[in-house]
1. If you count, for each residue, the other Cβ atoms within 10 Å and average over each peptide, how do 235-245, 64-74 line up from highest to lowest?
2. Along its three principal axes, how long is the chain when you only count alpha carbons? Whole Å, largest extent first please.
3. What does the net charge come to around Ala149 if you take all other residues with beta carbon closer than 11 Å to its beta carbon, with K and R at +1 and D and E at -1?
4. Considering only protein heavy atoms, what per residue accessible area in square angstrom results for region 282-326 with a 1.4 angstrom probe?
5. Let me have the relative contact order for the chain, percent, based on Cα pairs under 8 Å that are six or more residues apart.
6. Mind checking the dipole of region 263-327: about its Cα centre, +1 per Lys or Arg Cβ, -1 per Asp or Glu Cβ, Debye to the nearest 20?
7. Would you mind working out the accessible area per residue for region 25-158, using a 1.4 Å probe, and quoting it in Å²?
8. Quick one: net charge of Ser360's neighbours, Cβ under 13 Å, K/R +1, D/E -1?
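The values are calculated or read from the model by the stated rules, or taken from the named source; none is laboratory data. As the structure is a computational prediction, the values presented were derived from the model and not from experiment. Quick reminder, even Gly has a Cβ in these numbers, built from the backbone with ideal geometry, and neighbours come from all protein chains shown. With ligands, DNA and RNA removed, areas are computed over all heavy atoms of the protein, side chains included. Shrake-Rupley method; radii C 1.70, N 1.55, O 1.52, S 1.80 Å.
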Amino acid sequence: MEPALASPTIDRRAVVSLFSRLRTASGQANPLPFYAELRSMGDVVPAPWGGYLITSYGLCDQVLRDRAWQVPDSGWRARQGDGTRWGARSSREMSRTMPALNGMQHTRVRRSVGNMFDRNTLPVLRVSIEKTVEKLLDRLTGELRDGEADFSSIVSEELPMSAIGGWLQLPPADYPLLRSLAHDQVFTQELLPSASQLARSDAATEQLEAYFRRLVQERRRAPGDDPVSAWLRTWDGLESDQEAADEAVYLLALLVFLAAPETTATLLSTMVWLLLEHPLQLGWLRAHPQHIPDAVEEVLRYDSPNQVISRIATADTTLAGVPIEKDRMVHLMVGAANHDPAHHLDPHIFDVRRKASHLSFSGGIHYCLGAQLARLEATTLLTGLLRRLPGLRVSAAPVWAPRVGFRRIMELRVARS
Ligand code: HEM
(Lines give C-alpha, C1' and ligand atoms only; values in the text may rest on other atoms or scores of the structure.)
Protein backbone atom coordinates (compact mmCIF):
# COMPACT_ATOMS: atom_id res chain seq x y z
CA MET A 1 0.00 0.00 0.00
CA GLU A 2 1.26 3.50 -0.94
CA PRO A 3 2.33 5.28 2.29
CA ALA A 4 0.35 8.40 3.14
CA LEU A 5 2.48 11.55 3.05
CA ALA A 6 2.25 14.21 5.74
CA SER A 7 -0.37 16.62 4.57
CA PRO A 8 1.04 20.13 3.96
CA THR A 9 -2.32 21.51 5.07
CA ILE A 10 -2.06 20.16 8.64
CA ASP A 11 -3.31 22.80 11.00
CA ARG A 12 -0.76 23.21 13.79
CA ARG A 13 -3.51 24.28 16.16
CA ALA A 14 -5.44 21.08 15.43
CA VAL A 15 -2.45 19.00 16.59
CA VAL A 16 -1.96 21.16 19.71
CA SER A 17 -5.65 20.82 20.56
CA LEU A 18 -5.55 17.05 19.96
CA PHE A 19 -2.66 16.59 22.38
CA SER A 20 -4.13 18.81 25.06
CA ARG A 21 -7.35 16.77 24.94
CA LEU A 22 -5.42 13.49 24.83
CA ARG A 23 -3.41 14.55 27.88
CA THR A 24 -6.46 14.89 30.16
CA ALA A 25 -7.77 12.04 32.31
CA SER A 26 -10.84 11.79 30.06
CA GLY A 27 -8.63 11.70 26.94
CA GLN A 28 -6.67 8.87 28.53
CA ALA A 29 -9.90 7.02 29.34
CA ASN A 30 -10.17 6.37 25.60
CA PRO A 31 -7.25 7.59 23.49
CA LEU A 32 -8.30 5.60 20.40
CA PRO A 33 -10.38 8.37 18.71
CA PHE A 34 -7.45 10.77 19.18
CA TYR A 35 -5.07 8.32 17.59
CA ALA A 36 -7.47 7.77 14.67
CA GLU A 37 -7.59 11.56 14.20
CA LEU A 38 -3.79 11.75 14.33
CA ARG A 39 -3.37 8.90 11.81
CA SER A 40 -5.81 10.66 9.47
CA MET A 41 -3.34 13.60 9.37
CA GLY A 42 -0.67 11.35 7.81
CA ASP A 43 2.03 8.81 8.58
CA VAL A 44 4.46 11.62 9.43
CA VAL A 45 2.92 14.62 11.18
CA PRO A 46 4.99 17.71 12.13
CA ALA A 47 4.91 18.12 15.92
CA PRO A 48 4.04 21.69 16.93
CA TRP A 49 6.87 21.64 19.49
CA GLY A 50 9.44 20.46 16.88
CA GLY A 51 10.22 17.08 15.39
CA TYR A 52 7.66 14.68 13.95
CA LEU A 53 4.96 12.27 15.08
CA ILE A 54 5.08 8.90 13.32
CA THR A 55 1.69 7.25 13.29
CA SER A 56 1.86 4.17 11.03
CA TYR A 57 2.90 0.70 12.21
CA GLY A 58 5.19 0.14 9.22
CA LEU A 59 7.18 3.35 9.69
CA CYS A 60 7.48 2.97 13.49
CA ASP A 61 8.74 -0.59 13.01
CA GLN A 62 11.17 0.57 10.28
CA VAL A 63 12.65 3.34 12.46
CA LEU A 64 13.07 1.01 15.45
CA ARG A 65 15.01 -1.52 13.38
CA ASP A 66 17.16 0.97 11.44
CA ARG A 67 20.53 1.86 13.05
CA ALA A 68 20.40 5.23 11.23
CA TRP A 69 17.96 6.24 13.98
CA GLN A 70 19.36 6.56 17.47
CA VAL A 71 18.06 7.16 20.98
CA PRO A 72 18.37 10.69 22.44
CA ASP A 73 21.74 10.27 24.16
CA SER A 74 23.68 12.64 26.43
CA GLY A 75 25.36 14.38 23.44
CA TRP A 76 22.03 15.09 21.78
CA ARG A 77 20.49 16.27 25.07
CA ALA A 78 23.43 18.63 25.69
CA ARG A 79 22.97 20.13 22.21
CA GLN A 80 19.38 21.07 23.09
CA GLY A 81 20.67 23.49 25.78
CA ASP A 82 20.67 23.65 29.56
CA GLY A 83 17.45 25.61 29.77
CA THR A 84 15.43 22.87 28.06
CA ARG A 85 13.83 19.81 29.67
CA TRP A 86 16.84 17.81 28.44
CA GLY A 87 19.11 19.70 30.84
CA ALA A 88 17.07 18.72 33.91
CA ARG A 89 18.90 16.61 36.49
CA SER A 90 16.50 13.69 35.97
CA SER A 91 17.02 13.78 32.19
CA ARG A 92 20.81 13.94 32.55
CA GLU A 93 20.78 10.93 34.89
CA MET A 94 18.50 8.93 32.55
CA SER A 95 20.83 9.78 29.66
CA ARG A 96 23.52 7.67 31.38
CA THR A 97 21.32 4.55 31.44
CA MET A 98 20.96 1.79 28.83
CA PRO A 99 17.91 3.04 26.87
CA ALA A 100 19.72 6.35 26.24
CA LEU A 101 23.00 4.83 25.03
CA ASN A 102 23.94 4.36 21.38
CA GLY A 103 26.46 2.25 19.47
CA MET A 104 29.23 0.42 21.32
CA GLN A 105 28.31 1.99 24.68
CA HIS A 106 24.85 0.44 24.43
CA THR A 107 26.18 -2.91 23.22
CA ARG A 108 28.64 -3.10 26.11
CA VAL A 109 26.03 -2.39 28.80
CA ARG A 110 23.36 -4.61 27.26
CA ARG A 111 25.81 -7.50 26.85
CA SER A 112 26.88 -7.15 30.48
CA VAL A 113 23.41 -8.18 31.70
CA GLY A 114 22.73 -10.80 29.02
CA ASN A 115 19.22 -12.15 28.92
CA MET A 116 18.11 -11.27 32.45
CA PHE A 117 14.94 -13.35 32.36
CA ASP A 118 16.00 -16.51 30.61
CA ARG A 119 14.92 -20.16 30.91
CA ASN A 120 16.92 -20.60 34.12
CA THR A 121 15.70 -17.47 35.91
CA LEU A 122 12.03 -17.50 34.91
CA PRO A 123 11.02 -20.80 36.60
CA VAL A 124 12.49 -19.56 39.91
CA LEU A 125 10.67 -16.24 39.59
CA ARG A 126 7.47 -18.04 38.60
CA VAL A 127 7.31 -19.78 42.00
CA SER A 128 7.56 -16.52 43.95
CA ILE A 129 5.20 -14.67 41.58
CA GLU A 130 2.60 -17.44 41.97
CA LYS A 131 2.86 -17.10 45.76
CA THR A 132 2.51 -13.32 45.59
CA VAL A 133 -0.52 -13.60 43.29
CA GLU A 134 -2.23 -15.96 45.75
CA LYS A 135 -1.49 -13.61 48.65
CA LEU A 136 -2.77 -10.55 46.76
CA LEU A 137 -5.91 -12.35 45.60
CA ASP A 138 -6.55 -13.43 49.21
CA ARG A 139 -6.36 -9.76 50.20
CA LEU A 140 -8.61 -8.70 47.32
CA THR A 141 -11.15 -11.42 48.15
CA GLY A 142 -11.18 -10.25 51.77
CA GLU A 143 -11.77 -6.62 50.76
CA LEU A 144 -14.51 -7.62 48.33
CA ARG A 145 -16.51 -9.21 51.17
CA ASP A 146 -17.26 -5.66 52.32
CA GLY A 147 -18.27 -4.51 48.80
CA GLU A 148 -16.00 -2.71 46.35
CA ALA A 149 -12.20 -2.70 46.24
CA ASP A 150 -9.53 -0.92 44.20
CA PHE A 151 -7.84 -3.58 42.07
CA SER A 152 -5.12 -1.15 41.07
CA SER A 153 -3.76 -0.43 44.56
CA ILE A 154 -4.38 -3.89 46.02
CA VAL A 155 -3.01 -6.01 43.17
CA SER A 156 -1.59 -4.16 40.14
CA GLU A 157 0.71 -1.85 42.06
CA GLU A 158 1.89 -4.58 44.44
CA LEU A 159 2.73 -7.48 42.14
CA PRO A 160 5.37 -5.77 39.93
CA MET A 161 6.98 -4.06 42.93
CA SER A 162 7.23 -7.33 44.77
CA ALA A 163 8.53 -9.13 41.64
CA ILE A 164 11.31 -6.64 40.88
CA GLY A 165 12.01 -5.95 44.56
CA GLY A 166 12.22 -9.68 45.29
CA TRP A 167 14.50 -10.28 42.30
CA LEU A 168 16.85 -7.44 43.28
CA GLN A 169 16.49 -8.56 46.94
CA LEU A 170 15.40 -5.14 48.22
CA PRO A 171 13.84 -4.91 51.71
CA PRO A 172 10.01 -5.06 51.36
CA ALA A 173 9.74 -2.20 53.88
CA ASP A 174 11.24 0.05 51.16
CA TYR A 175 8.60 -0.81 48.53
CA PRO A 176 6.08 1.98 49.31
CA LEU A 177 8.73 4.72 49.11
CA LEU A 178 10.36 3.22 46.00
CA ARG A 179 7.00 2.90 44.26
CA SER A 180 6.09 6.50 44.86
CA LEU A 181 9.54 7.67 43.71
CA ALA A 182 9.16 5.59 40.52
CA HIS A 183 5.77 7.23 39.80
CA ASP A 184 7.31 10.70 40.21
CA GLN A 185 10.48 9.91 38.28
CA VAL A 186 8.59 8.88 35.13
CA PHE A 187 7.62 12.49 34.34
CA THR A 188 11.04 13.20 32.88
CA GLN A 189 10.30 10.50 30.30
CA GLU A 190 6.87 11.95 29.45
CA LEU A 191 6.16 13.51 26.06
CA LEU A 192 5.88 17.13 27.26
CA PRO A 193 6.56 17.39 30.99
CA SER A 194 5.65 20.63 32.74
CA ALA A 195 8.18 22.51 34.90
CA SER A 196 6.53 21.26 38.10
CA GLN A 197 6.51 17.66 36.83
CA LEU A 198 10.21 17.94 35.98
CA ALA A 199 10.89 19.29 39.47
CA ARG A 200 9.11 16.24 40.97
CA SER A 201 11.12 13.97 38.72
CA ASP A 202 14.40 15.69 39.66
CA ALA A 203 13.65 15.31 43.38
CA ALA A 204 12.72 11.63 42.95
CA THR A 205 15.85 11.00 40.87
CA GLU A 206 18.02 12.45 43.63
CA GLN A 207 16.53 10.09 46.22
CA LEU A 208 16.70 7.09 43.90
CA GLU A 209 20.33 7.86 43.09
CA ALA A 210 21.21 7.84 46.79
CA TYR A 211 19.21 4.62 47.36
CA PHE A 212 20.76 2.62 44.53
CA ARG A 213 24.31 3.90 45.13
CA ARG A 214 23.95 2.73 48.75
CA LEU A 215 22.62 -0.63 47.56
CA VAL A 216 25.66 -1.14 45.32
CA GLN A 217 28.00 -0.31 48.21
CA GLU A 218 26.18 -2.79 50.47
CA ARG A 219 26.42 -5.55 47.87
CA ARG A 220 30.08 -4.66 47.31
CA ARG A 221 30.70 -5.16 51.07
CA ALA A 222 28.56 -8.30 51.34
CA PRO A 223 28.08 -9.92 47.92
CA GLY A 224 25.28 -12.43 47.65
CA ASP A 225 23.33 -14.51 45.17
CA ASP A 226 21.49 -11.59 43.57
CA PRO A 227 21.65 -9.70 40.25
CA VAL A 228 23.43 -6.63 41.68
CA SER A 229 26.24 -8.79 43.11
CA ALA A 230 26.42 -10.68 39.80
CA TRP A 231 26.67 -7.41 37.83
CA LEU A 232 29.48 -6.29 40.17
CA ARG A 233 31.40 -9.48 39.36
CA THR A 234 30.85 -8.89 35.62
CA TRP A 235 31.83 -5.21 35.72
CA ASP A 236 34.94 -5.89 37.83
CA GLY A 237 36.09 -7.89 34.81
CA LEU A 238 35.18 -5.11 32.37
CA GLU A 239 36.65 -2.08 34.20
CA SER A 240 40.12 -1.77 35.71
CA ASP A 241 38.79 0.83 38.14
CA GLN A 242 36.41 -0.30 40.92
CA GLU A 243 34.69 3.08 41.07
CA ALA A 244 33.79 2.84 37.36
CA ALA A 245 32.43 -0.69 37.91
CA ASP A 246 30.31 0.50 40.85
CA GLU A 247 28.96 3.39 38.76
CA ALA A 248 28.01 1.07 35.89
CA VAL A 249 26.20 -1.28 38.29
CA TYR A 250 24.42 1.60 40.05
CA LEU A 251 23.08 2.78 36.64
CA LEU A 252 21.92 -0.76 35.82
CA ALA A 253 20.13 -1.20 39.13
CA LEU A 254 18.49 2.24 38.85
CA LEU A 255 17.31 1.58 35.30
CA VAL A 256 16.04 -1.95 35.83
CA PHE A 257 14.14 -0.77 38.87
CA LEU A 258 12.63 2.25 37.06
CA ALA A 259 11.66 0.29 33.95
CA ALA A 260 9.65 -2.32 35.82
CA PRO A 261 6.94 -1.32 38.33
CA GLU A 262 4.82 1.32 36.62
CA THR A 263 4.74 -0.15 33.12
CA THR A 264 3.81 -3.59 34.46
CA ALA A 265 1.20 -2.22 36.90
CA THR A 266 -0.46 -0.49 33.96
CA LEU A 267 -0.44 -3.72 31.96
CA LEU A 268 -2.09 -5.62 34.84
CA SER A 269 -4.86 -3.08 35.45
CA THR A 270 -5.51 -2.63 31.73
CA MET A 271 -5.71 -6.39 31.29
CA VAL A 272 -8.30 -6.77 34.04
CA TRP A 273 -10.31 -3.77 32.87
CA LEU A 274 -10.37 -4.88 29.20
CA LEU A 275 -11.29 -8.47 30.05
CA LEU A 276 -14.02 -7.49 32.49
CA GLU A 277 -15.40 -5.20 29.77
CA HIS A 278 -15.45 -8.20 27.38
CA PRO A 279 -17.14 -10.92 29.47
CA LEU A 280 -17.68 -13.29 26.53
CA GLN A 281 -13.96 -13.36 25.83
CA LEU A 282 -13.25 -13.80 29.53
CA GLY A 283 -15.61 -16.78 29.58
CA TRP A 284 -13.91 -18.20 26.49
CA LEU A 285 -10.50 -17.83 28.15
CA ARG A 286 -11.75 -19.67 31.23
CA ALA A 287 -12.60 -22.59 28.95
CA HIS A 288 -9.35 -22.21 26.95
CA PRO A 289 -6.66 -21.21 29.47
CA GLN A 290 -3.94 -22.22 27.02
CA HIS A 291 -4.74 -18.92 25.25
CA ILE A 292 -3.97 -16.75 28.29
CA PRO A 293 -0.57 -15.69 26.81
CA ASP A 294 -2.37 -14.63 23.57
CA ALA A 295 -4.80 -12.57 25.64
CA VAL A 296 -1.88 -10.78 27.34
CA GLU A 297 -0.37 -9.96 23.92
CA GLU A 298 -3.70 -8.57 22.73
CA VAL A 299 -3.92 -6.37 25.85
CA LEU A 300 -0.42 -5.09 25.06
CA ARG A 301 -1.40 -4.35 21.46
CA TYR A 302 -4.77 -2.83 22.26
CA ASP A 303 -3.56 -0.52 25.02
CA SER A 304 0.21 -0.29 25.38
CA PRO A 305 1.49 0.93 28.78
CA ASN A 306 4.09 3.00 26.91
CA GLN A 307 2.55 4.93 24.03
CA VAL A 308 5.49 6.97 22.70
CA ILE A 309 9.09 5.97 21.86
CA SER A 310 11.54 8.62 20.64
CA ARG A 311 14.38 8.42 18.15
CA ILE A 312 16.81 10.92 16.54
CA ALA A 313 17.83 11.13 12.87
CA THR A 314 21.62 10.65 12.57
CA ALA A 315 21.64 12.22 9.06
CA ASP A 316 19.33 14.16 6.78
CA THR A 317 16.77 11.64 5.57
CA THR A 318 13.18 11.15 4.45
CA LEU A 319 10.35 9.17 5.98
CA ALA A 320 7.41 8.36 3.70
CA GLY A 321 8.68 11.13 1.44
CA VAL A 322 8.86 13.74 4.22
CA PRO A 323 12.33 15.31 4.59
CA ILE A 324 13.71 15.05 8.12
CA GLU A 325 16.89 16.89 9.10
CA LYS A 326 19.79 15.39 11.02
CA ASP A 327 19.33 15.64 14.83
CA ARG A 328 15.53 15.96 14.58
CA MET A 329 13.48 13.88 17.01
CA VAL A 330 10.69 11.62 15.85
CA HIS A 331 8.05 10.38 18.28
CA LEU A 332 6.95 6.87 17.38
CA MET A 333 3.31 6.88 18.43
CA VAL A 334 3.14 3.16 19.22
CA GLY A 335 -0.33 3.48 20.76
CA ALA A 336 -1.52 4.74 17.36
CA ALA A 337 0.65 2.34 15.34
CA ASN A 338 -0.74 -0.69 17.22
CA HIS A 339 -4.16 0.37 15.86
CA ASP A 340 -3.06 1.04 12.29
CA PRO A 341 -5.71 -0.45 9.97
CA ALA A 342 -3.01 -0.91 7.31
CA HIS A 343 -1.36 -3.46 9.63
CA HIS A 344 -4.17 -4.92 11.76
CA LEU A 345 -7.59 -6.01 10.57
CA ASP A 346 -10.33 -4.19 12.51
CA PRO A 347 -7.78 -2.83 15.00
CA HIS A 348 -10.47 -1.27 17.21
CA ILE A 349 -11.79 -4.76 18.05
CA PHE A 350 -10.30 -6.31 21.18
CA ASP A 351 -9.88 -9.98 20.33
CA VAL A 352 -7.91 -12.30 22.61
CA ARG A 353 -7.49 -14.81 19.77
CA ARG A 354 -5.85 -12.29 17.44
CA LYS A 355 -2.12 -13.28 17.81
CA ALA A 356 -1.07 -9.96 16.27
CA SER A 357 2.32 -8.28 16.45
CA HIS A 358 2.73 -5.05 18.44
CA LEU A 359 5.40 -2.48 19.26
CA SER A 360 4.60 -2.14 22.95
CA PHE A 361 7.97 -3.56 24.01
CA SER A 362 9.72 -1.50 21.29
CA GLY A 363 11.81 -3.27 18.61
CA GLY A 364 15.37 -3.56 17.32
CA ILE A 365 18.37 -3.27 19.64
CA HIS A 366 16.52 -1.57 22.51
CA TYR A 367 13.77 -4.22 22.70
CA CYS A 368 12.55 -4.40 26.30
CA LEU A 369 14.75 -6.62 28.46
CA GLY A 370 11.95 -7.16 30.97
CA ALA A 371 9.28 -8.32 28.52
CA GLN A 372 9.39 -11.92 29.78
CA LEU A 373 9.03 -10.86 33.40
CA ALA A 374 6.06 -8.58 32.58
CA ARG A 375 4.44 -11.41 30.60
CA LEU A 376 5.01 -13.87 33.44
CA GLU A 377 3.34 -11.55 35.94
CA ALA A 378 0.36 -10.92 33.66
CA THR A 379 -0.22 -14.58 32.74
CA THR A 380 0.14 -15.72 36.37
CA LEU A 381 -2.28 -13.08 37.59
CA LEU A 382 -4.83 -13.85 34.88
CA THR A 383 -4.62 -17.59 35.60
CA GLY A 384 -5.25 -16.90 39.29
CA LEU A 385 -8.12 -14.52 38.61
CA LEU A 386 -9.93 -16.93 36.28
CA ARG A 387 -9.70 -19.66 38.90
CA ARG A 388 -10.52 -17.64 41.99
CA LEU A 389 -12.78 -14.71 41.09
CA PRO A 390 -15.39 -15.81 38.54
CA GLY A 391 -17.94 -13.08 39.36
CA LEU A 392 -15.60 -10.09 39.27
CA ARG A 393 -16.93 -6.91 37.61
CA VAL A 394 -15.87 -3.29 37.20
CA SER A 395 -18.01 -1.24 39.58
CA ALA A 396 -17.01 2.32 38.58
CA ALA A 397 -15.29 3.97 35.63
CA PRO A 398 -11.50 3.61 36.04
CA VAL A 399 -9.48 6.75 36.73
CA TRP A 400 -6.51 7.45 34.46
CA ALA A 401 -3.57 9.78 35.13
CA PRO A 402 -3.52 12.83 32.81
CA ARG A 403 -0.50 11.94 30.66
CA VAL A 404 0.38 10.80 27.13
CA GLY A 405 3.58 8.74 27.00
CA PHE A 406 3.12 6.44 29.98
CA ARG A 407 -0.42 5.36 30.72
CA ARG A 408 -1.45 4.78 34.31
CA ILE A 409 -4.72 3.59 35.81
CA MET A 410 -4.89 5.32 39.19
CA GLU A 411 -8.01 3.52 40.36
CA LEU A 412 -9.89 0.44 39.15
CA ARG A 413 -12.84 -0.26 41.41
CA VAL A 414 -14.19 -3.81 41.22
CA ALA A 415 -16.91 -5.82 42.97
CA ARG A 416 -18.33 -9.37 42.88
CA SER A 417 -21.74 -10.09 41.47
C1 HEM B 1 4.49 -4.15 30.50
C2 HEM B 1 5.67 -3.80 30.98
C3 HEM B 1 6.73 -3.14 30.18
C4 HEM B 1 6.66 -2.38 29.05
C5 HEM B 1 5.40 -1.99 28.25
C6 HEM B 1 8.01 -1.99 28.69
C7 HEM B 1 8.35 -1.23 27.58
C8 HEM B 1 9.64 -0.95 27.20
C9 HEM B 1 9.99 -0.22 26.02
C10 HEM B 1 8.99 0.39 25.04
C11 HEM B 1 11.34 -0.15 25.95
C12 HEM B 1 12.21 0.44 24.85
C13 HEM B 1 12.35 1.92 24.82
C14 HEM B 1 13.05 2.36 23.55
O15 HEM B 1 13.11 1.60 22.55
O16 HEM B 1 13.53 3.51 23.51
C17 HEM B 1 11.85 -0.86 27.10
C18 HEM B 1 13.20 -1.00 27.38
C19 HEM B 1 13.67 -1.61 28.51
N20 HEM B 1 12.92 -2.27 29.45
FE21 HEM B 1 10.91 -2.48 29.49
N22 HEM B 1 8.87 -2.51 29.61
C23 HEM B 1 8.14 -3.22 30.53
C24 HEM B 1 8.63 -3.91 31.63
C25 HEM B 1 9.95 -4.01 31.95
C26 HEM B 1 10.46 -4.74 33.08
C27 HEM B 1 9.60 -5.54 34.05
C28 HEM B 1 11.82 -4.57 33.08
C29 HEM B 1 12.87 -5.11 34.00
C30 HEM B 1 12.71 -5.94 34.93
C31 HEM B 1 12.16 -3.78 31.91
C32 HEM B 1 13.44 -3.44 31.54
C33 HEM B 1 13.78 -2.74 30.41
C34 HEM B 1 15.14 -2.38 30.06
C35 HEM B 1 16.40 -2.73 30.86
C36 HEM B 1 15.08 -1.67 28.85
C37 HEM B 1 16.24 -1.06 28.09
C38 HEM B 1 16.64 -1.91 26.90
C39 HEM B 1 17.66 -1.23 26.02
O40 HEM B 1 17.74 0.00 25.95
O41 HEM B 1 18.43 -1.96 25.35
N42 HEM B 1 10.99 -3.46 31.26
N43 HEM B 1 10.81 -1.33 27.84
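1. Values: 235-245: 13.2, 64-74: 16.4.
So the order, starting with the most tightly packed, is 64-74, 235-245.
2. In descending order, the Cα extents are 58, 56, 38 Å.
3. Here the count lands on -1.
4. Numbers: 1710 Å² over 45 residues.
That works out to 38 Å² for each residue.
5. The normalised contact order for the chain reaches 27 percent.
6. Rounded to the nearest 20 debye, it is 140 debye.
7. Using a 1.4 Å probe on heavy atoms only, each residue of region 25-158 averages 47 Å².
8. -1
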